[in-house]
Amino acid sequence: MSGHLSVSSPEQIQELMKVALGEAEADLAIVNGAIVNVYTSEVLTGDIVLIKGDKIAYVGPNADKSIGSSTKVIDATGKVLIPGLIDGHTHLDHPYSICELLRYAIKGGTTTIIMETSGIAFPLGYQGIIQFLMASKNQPIKIFVAVPPMVSISPVAKEHTITAKELCKLLRRKEVIGLGEPYWAPVIEGDQRILDLITETLKAGKKVDGHSSGARGNKLQAYITPGISSCHEPVTVEEVIERLRLGLFILIREGEIRRELEVISQIKDENIDFSRLAVSTDGIGAWQLTTDGYMEFVVQKAINLSFNPILAIKMATINVAQHFALDDFIGGIAPGKYADIVIIPNLRTIQAEYVISNGQVIARDGRVLVSPRKHTFPKSTQNSIHLPKNFEAADFAIRVKSGRSQVKVRVIDQVTELVTREALIDIPVSDGQLHPDTVKDVIKVAAIERTYLPGKTFVGLVRGIGLKQGAIATSYAWDSSDIIVVGASDSDMAQAVNRIRELNGGIVVCAGRKILAEISLPVGGIFSTQPMETIARELHQIQQAATNLGCASPNIRLTLAVLSTAAIAHLRICEHGLVNLRQNSFVDLIVD
Ligand SMILES: [Fe+2]
């Protein structure tokens with residue numbers, strides 16, 4: 001079992017060549033199947049795949065001499081062989097462990113995952129990334145890791161971002177594929193730390209993944225100039241084509257955060273080259289994995305949306321491998337490559353009957369035959385909620401200077417479940433304080449630093465969450481080490497945060513000082529090591545409880561998590577206040 005790539009040893013090369021020449025027996029032969037050749041976009045019949053160890057030795061018709069008594073034979077009559085699927089961009093903090101994701105990856109035919117580590121890096125720092133690397137090692141499939149540039153609006157988080165020296169240490173590891181998604185605003189503003197990280201990554205011969213959401217024209221070109229080579233953020237065909245023309249590699253998203261495959265599928269009718277187009281999940285929800293599956297669902301959906309099936313397969317195999325310069329090892333079925341092969345019933349049905357990874361059958365007909373390794377996260381990673389004391393209702397009071405009966409307030413206004421803008425709203429003052437007004441759908445929102453400046457809190461107002469009573473809190477908050485809590489009641493906000501403190505991380509819904517639903521997320525306060533099915537059930541209960549309290553978001557976990565991000569427009573919150581991302585600066589809560 002090997003989680004990562006290695007060049008074949010001289011002995012292994014000799015053995016592979018002997019099998020190819022008919023002078024030694026293969027370990028595994030797949031006969032009678034049609035083979036998708038991703039290099040020529042053909043489907044070839046009459047060829048046999050011979051495997052020795054973890055690599056492919058031969059693909060062709062003259063294999064008889066290498067099939068002997070020690071060779072295991074898979075008869076793929078009527079079936080189709082495709083390369084193992086690759087997710088070129090995902091986040092493994094959604095909120096399950098690597099091991100649990102791998103169960104779904106393995107049974108569905110995904111044999112390589114390239115993952116971001118920003119989620120763990122904010123609360124746990126460099127050591128958190130190391131733990132992720134350890135968890136990804138020696139697994140039945142390959143996992144590569146991108147180092148997070150850690151762009152944040154939080155001054156506290158900014159003090160604890162990764163340094164160029166730490167990055168260089170990580171880049172020396174072969175499982176580290178490069179730098180993950182530096183957001184575009186700090187890049188074009190010339191943030192020297194981010195530019196240094198990009199430079200060091202390129203010097204190491206590795207990739208810098210892009211994140212150019214909403215950028216176009218001159219700004220987009222300025223953004224990619226330092227050497228950014230991909231983007232998974234375009235949401236329209238026009239944005240995809242603009243980026244492809246600039247030489248960017250594009251990953252169309254179909255996951256929990258965004259599902260763009262349907263809109264972007266129109267691109268299939270364009271008369272352009274698609275070799276730099278791919279599909280990825282950018283993070284996939286527990287509910288999606290348990291109901292739909294993983295990359296096999298994404299490729300199937302592309303086929304259902306009338307992408308040519310061979311192109312759909314290439315978008316999850318060779319195209320990704322080529323972008324990351326992994327195509328000498330994975331992405332296609334050819335001699336010398338890793339034996340990562342999925343056998344499907346026909347070209348239009350991405351349903352794994354056999355999943356072969358590193359030459360070993362790891363799943364059959366949806367059953368995992370080689371279980372992923374469970375990593376034990378040390379105690380130190382399960383202690384990231386350092387709040388010194390319990391919160392009280394009074395901690396969420398928004399006090400206004402005496403004598404005012406009404407003030408104009410800058411409110412975070414939900415445009416969609418993820419995007420916000422600022423709204424200036426007149427709010428009455430009573431008892432010298434601002435209060436939630438559920439009739440106008442204005443409730444409180446607070447960001448509480450939990451790791452480096454524990455207890456530092458900022459309280460503001462948000463419109464559009466829909467909550468009529470109670471509170472919802474989460475220790476999973478993007479690009480920060482904050483707890484985010486929203487509430488129609490100060491005492492329920494305190495209760496929800498205190499419960500997160502007890503759980504050492506989690507998501508909690510409460511009302512009337514009663515806990516209605518919760519999930520414990522002990523590792524870094526961002527994920528659980530429970531089985532995926534348990535996580536999916538608990539998240540469903542959280543969503544249900546939130547909906548019952550009036551919550552309008554179909555995914556309250558994400559809606560709260562992105563309130564602290566530097567990635568999505570445009571009014572955000574951290575423990576030090578409100579930040580307008582357009583101005584990239586703190587802005588006052590009370591305007592007038
Ligand atoms: Fe991403």
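The values are calculated or read from the model by the stated rules, or taken from the named source; none is laboratory data. Values in this document were obtained by computation on a predicted structure and should not be read as measured data. Cβ coordinates were reconstructed from backbone atoms using ideal geometry, including for glycine residues, and neighbour counts include every protein chain displayed. The area values use the complete protein model at the heavy-atom level, side chains included, leaving out ligands, DNA and RNA. Shrake-Rupley method; radii C 1.70, N 1.55, O 1.52, S 1.80 Å.
To keep it simple, each residue is scored yes or no on (1) in contact (Cβ under 8 Å) with a residue 24 or more places away in the chain; (2) within 15 Å of the ligand (Cβ to nearest atom); (3) crowded, with 24+ Cβ neighbours inside 10 Å.
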| residue | (1), (2), (3) |
| --- | --- |
| Val73 | yes, no, no |
| Lys79 | yes, no, no |
| Ala105 | yes, no, yes |
| Thr110 | yes, no, yes |
| Ile114 | yes, yes, yes |
| Tyr126 | yes, no, no |
| Leu133 | yes, no, no |
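Does the range 145-156 contain at least one residue that is touching a Cys at 6+ places or on another chain (Cβ under 7 Å) and buried (at least 24 other Cβ atoms within 10 Å of the Cβ)? For the range 145-156, residues touching a Cys at 6+ places or on another chain (Cβ under 7 Å) and buried (at least 24 other Cβ atoms within 10 Å of the Cβ): present. Of the residues making up the range 326-369, those that are among the basic types (Lys, Arg) and either closer than 19 Å to Leu311 by Cβ or assigned to a loop (DSSP other than H, G, I, E, B) (or both) are Lys337, Arg348. Applying the set (1) without any contact (Cβ under 8 Å) to a residue 60 or more places away in the chain; (2) more than 16 Å from the ligand (Cβ to nearest atom); (3) under 20 Å from the mean Cα position of the chain (by Cα) to Gly293 leaves exactly one unmet item: (1).
Just one of Ser275, Ser213 is closer than 22 Å to Ile114 by Cβ, in a loop (DSSP other than H, G, I, E, B) and out of contact with any strand residue (DSSP E or B) (no Cβ under 9 Å at 6 or more places or on another chain); which is it?
Every option except Ser275 fails the conditions.
Take the conditions (1) within 19 Å of Tyr183 (Cα to Cα); (2) open to solvent by less than 50 Å² (accessible area, probe 1.4 Å); Gln221 misses just one of them, which is (2). Scoring Thr201 on the criteria (1) assigned to a helix (DSSP H, G or I); (2) in contact with a Pro (Cβ under 7 Å, 6 or more places away or on another chain) leaves a single failure, condition (2).
Based on this model, can you work out whether Ala146 counts as farther than 21 Å from Ala278 by Cα and within 16 Å of the ligand (Cβ to nearest atom)? Criteria not met by Ala146. Report whether or not Leu21 is farther than 30 Å from Ser118 by Cβ, out of contact with any Leu (no Cβ under 6 Å at 6 or more places or on another chain) and either surrounded by fewer than 23 Cβ atoms within 10 Å (Cβ to Cβ) or hydroxyl-bearing (Ser, Thr, Tyr) (or both). Judged against the criteria, Leu21 is a match. Can you name the residue in the range 37-57 that is within 23 Å of Leu347 (Cβ to Cβ) and in contact with a helix residue (DSSP H, G or I) (Cβ under 6 Å, 6 or more places away or on another chain) and, of all such residues, is surrounded by the fewest Cβ atoms within 10 Å (Cβ to Cβ)? Per the stated criteria, the residue is Ser41.
The numbered conditions (1) surrounded by fewer than 21 Cβ atoms within 10 Å (Cβ to Cβ); (2) over 30 Å from Ser380 (Cβ atoms) are all true for Gly455 except (2). Selection of first residues in the range 206-233 that are on the phi < 0 side of the Ramachandran plot and of second residues that are within 13 Å of the ligand (Cβ to nearest atom) and among the charged types (D, E, K, R), restricted to Cβ pairs under 6 Å at least 6 apart or on distinct chains, gives the following pairs, ordered by first then second residue: Asp209/Glu181; His211/Glu181; His211/Glu233; Ser212/Glu233; Ser213/Glu233; Ser230/Asp209; His232/Arg253; His232/Asp282.
Filter the range 397-409 down to the residues that are assigned to a loop (DSSP other than H, G, I, E, B) and modelled with pLDDT under 95, then identify the one that is nearest to Gly460 (Cα to Cα). By that ranking, first place goes to Val400. Within the range 58-117, the set of residues being of a type in the set (Phe, Trp, Tyr) and under 25 Å from Asp365 (Cα atoms) comprises Tyr96, Tyr104.
Of all residues in the range 1-13, those that are farther than 11 Å from Gly53 by Cα and polar (S, T, N, Q) have Cβ atoms under 7 Å from Cβ atoms of residues that are at pLDDT 85 or above and open to solvent by less than 70 Å² (accessible area, probe 1.4 Å), 6 or more apart or on another chain, in Ser2/Asp54; Ser2/Asn358. Considering the range 234-275, the residues that are surrounded by fewer than 19 Cβ atoms within 10 Å (Cβ to Cβ) and basic (Lys, Arg) include one that is modelled with the lowest pLDDT, namely Arg258. Answer yes or no: is there a residue in the range 501-513 that is under 26 Å from Val400 (Cβ atoms) and buried (at least 23 other Cβ atoms within 10 Å of the Cβ). There is no residue in the range 501-513 that is under 26 Å from Val400 (Cβ atoms) and buried (at least 23 other Cβ atoms within 10 Å of the Cβ).
Determine which single condition Leu387 fails, assuming it passes every other condition in (1) in a strand (DSSP E or B); (2) touching a residue at least 60 places away in the same chain (Cβ under 8 Å). (1) is the only condition that Leu387 fails.
When the range 251-272 is filtered for residues that are in a loop (DSSP other than H, G, I, E, B) and either among the charged types (D, E, K, R) or within 16 Å of the ligand (Cβ to nearest atom) (or both), the ones remaining, listed by number, are Gly255, Glu256, Ile257, Arg258, Glu260, Glu270.
Does the range 44-59 contain at least one residue that is part of a strand (DSSP E or B), within 16 Å of Ile343 (Cα to Cα), of a type in the set (A, V, I, L, M, F, W, C) and within 16 Å of the ligand (Cβ to nearest atom)? Checked the range 44-59: no residue is part of a strand (DSSP E or B), within 16 Å of Ile343 (Cα to Cα), of a type in the set (A, V, I, L, M, F, W, C) and within 16 Å of the ligand (Cβ to nearest atom).
Scanning the range 171-185 for residues that are away from the ligand (no atom under 16 Å from the Cβ) and open to solvent by less than 50 Å² (accessible area, probe 1.4 Å) turns up Leu171, Glu175, Val176.
Applying the condition of being open to solvent by less than 20 Å² (accessible area, probe 1.4 Å) and in a loop (DSSP other than H, G, I, E, B) to the range 569-588 and asking which residue is modelled with the lowest pLDDT yields His570. Close contacts from the range 494-516, counting a first residue that is closer than 12 Å to Arg450 by Cβ and a second that is open to solvent by 10 Å² or more (accessible area, probe 1.4 Å) and in a helix (DSSP H, G or I), with Cβ to Cβ under 9 Å and a gap of 6+ residues or different chains, come to Val497/Asp395; Asn504/Gln382; Gly505/Gln382; Gly506/Arg499. Looking only at the range 58-71, residues that are crowded, with 21+ Cβ neighbours inside 10 Å, of a type in the set (Gly, Ala, Ser) and either in contact (Cβ under 8 Å) with a residue 60 or more places away in the chain or closer than 25 Å to Leu347 by Cα (or both) come to 1 in all.
You will find that of Ile427, Ile412, Ile443, the residue that is assigned to a strand (DSSP E or B), farther than 20 Å from Val579 by Cβ and aliphatic (A, V, I, L, M) is Ile427 and no other.
Filter the range 526-535 down to the residues that are part of a helix (DSSP H, G or I) and either open to solvent by less than 20 Å² (accessible area, probe 1.4 Å) or on the phi > 0 side of the Ramachandran plot (or both) and list them by number. Residues satisfying the conditions are Met532, Ile535.
Which of the residues spanning the range 309-324 are open to solvent by 10 Å² or more (accessible area, probe 1.4 Å) and under 11 Å from Val279 (Cα atoms)? Hits for the range 309-324 are Leu311, Lys314.
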